[in-house]
Structure formats: structure tokens, C-alpha cells
């Protein structure tokens, strides 16, 4: 069965050119021209990946992304933006986008990034099924059940937050660099930067730490990266 791409953009010429390139690669394409329609199509069609424009009518791409992540929907998202400023890229990553492209871009590059994200998504699905449990103090991660608890409290993490925590818990005390976490969680062919690691670490702390500003579990080692606290 062909993998399904949801293409969200209100510029008809851009949509048609991207759709043609994706159809040539064997993907099924679903269209949406505004943010509200995009959310509806996610529910109706269950896409494997979303190509999402930043500037949309009714609901911006940032808000669409934020709402999907709030619902724990981890469908890969590539954000398109006509703005080149770093702040726009950072905000996109902070609300949960997996990658971004600045217009104008080549269709070949977009297709390459789509393929890379879909590969990582499949790898993540198989990795999460390993039958193994990590426990550290009152924090427990069950890989086979994709379940995290802190004491008696069940914690809901996104797949990427789960992978980061599992990686840290696999070797308590070891320092993992941002680059290493990026490579293992996002993959070798990720085109973004290490800021996305910091963003996901912040989200993770907000969910598992009693005091995220003074973390007990996920600790920062300045100049190096992160580790699971002793």
C-alpha cells in the first residue's frame, strides 16, 4: 500500500508541483488548503507524513503542529516557510516539527527529506517493540509496552521523548552529546540542528521531573550534553 502524504498549502502552483513529484515517487497525496482542513484530514486519512506550510488561512502551520503534538500525534511533519530567519525555524522545532524547508526549495530535496523521515518513523516503530524494562529510582521505562511511570504516576511521552529517555536510561551516568542523541533519535540524515534536542529535553523534563528547573533525572552536563542523574 502506498504511503500517504498530507500536503497543506494554499498556493495552488506549489501544491501542484509538489503533488506531481510525490505521485511520481509512488506516494498517495491528500490535499488541504488551510489549517482547519488539515486537522480534519489528519483524522480522516491518517497520513504517514505531513508537508505543512507555515502561513495558512484560518489556522497557521505552527498552530496545526502544536495541536497535533498536544494530542500526542507523532506523525512526521516537514514545515515549509518563506521566512529565512532563525527564529522561525526555532519556533517550528519547538512546536514539534521534525524538519523544515525554506522556500524556494528543490523538489528533489523535499522528496529526499520525506524519504528520510519515513525511514526513521519505521525504524522507531520497530525499536519501541523491544521487550525490555529500564528502572532508575522510581522512574521506569517499559520498551515493549511503550510505558513510562514515575512512582505510581503514568506519564504520556511522544515517541521522540520516549526514545531520548530510553537512551539515557540504557546507561545511567553516561553523558550523551546532543549530536549523539540527534543521530540516534532523529537519524543520520536529519537536516535540522541540535536545538531540537534541547526542546525535546525541556518537554521531557516538564513531564517527568517534580521540578523541571532543577531536574533530578535528566541532567545537563554543560559543554557536553545530557545524562541520567545518579
**Request:** Take the Cβ-Cβ distance between residue 58 and residue 214 as r, set R0 to 45 Å, and report the resulting FRET efficiency rounded to the nearest 0.05.
**Result:** 0.65
**Asked** Which of 133, 185 comes first, and how do the rest follow, when ranked by fewest Cβ neighbours within 10 Å?
**Response** 133, 185
**Request:** Using Cα extents along the principal axes in Å as the read-out, say which of [x] 50, 40, 34; [y] 83, 39, 34; [z] 55, 38, 31 was calculated from these coordinates.
**Result:** [z]
**Neighbour-count ranking [beta-carbon atoms within 10 angstrom, fewest first] of 176, 105** = 105, 176
**Asked** Of 19, 109, 180, which has the largest mean-square fluctuation in a 10 Å C-alpha GNM of the chain?
**Response** 109
**Item:** Relative exposure of 69, 113, judged by other C-beta atoms within 10 Å (fewest first)
**Value:** 69, 113
**Asked** Out of 76, 57, 47, any idea which swings most in a Gaussian network model of the chain, alpha carbons joined below 10 Å?
**Response** 57
**Prompt:** Based on DSSP, what percent of beta bridges with both residues in the chain are antiparallel, to the nearest 5?
**Reply:** 50
**Complete:** A student applying the Cα gyration tensor rule (rounded when a/c is under 1.5; otherwise prolate if a/b is larger than b/c, oblate if not) would label region 4-126 rounded
**Asked** Considering the zone a paramagnetic label at residue 174 would reach in this model (a point 7 Å from Cα along the Cα-to-Cβ line), which residues of region 192-230 have amide N under 17 Å from it?
**Response** 218-219, 221, 224-230
**Message:** Only Cα pairs within less than 10 Å get springs; with that Gaussian network setup on the chain, which residue of 198, 211, 99 has the largest fluctuation?
**Reply:** 211
**Request:** Would you mind calculating the relative contact order of the chain from Cα pairs under 8 angstrom and at least 6 residues apart, reporting the percent as a whole number?
**Result:** 13
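No lab work stands behind these numbers, since they all come straight from the coordinates. Note that the structure is a prediction, hence the values are computed from the model and not measured. Neighbour counts are summed over all protein chains in view; Cβ atoms, including those assigned to glycine, are modelled from backbone coordinates with ideal geometry.
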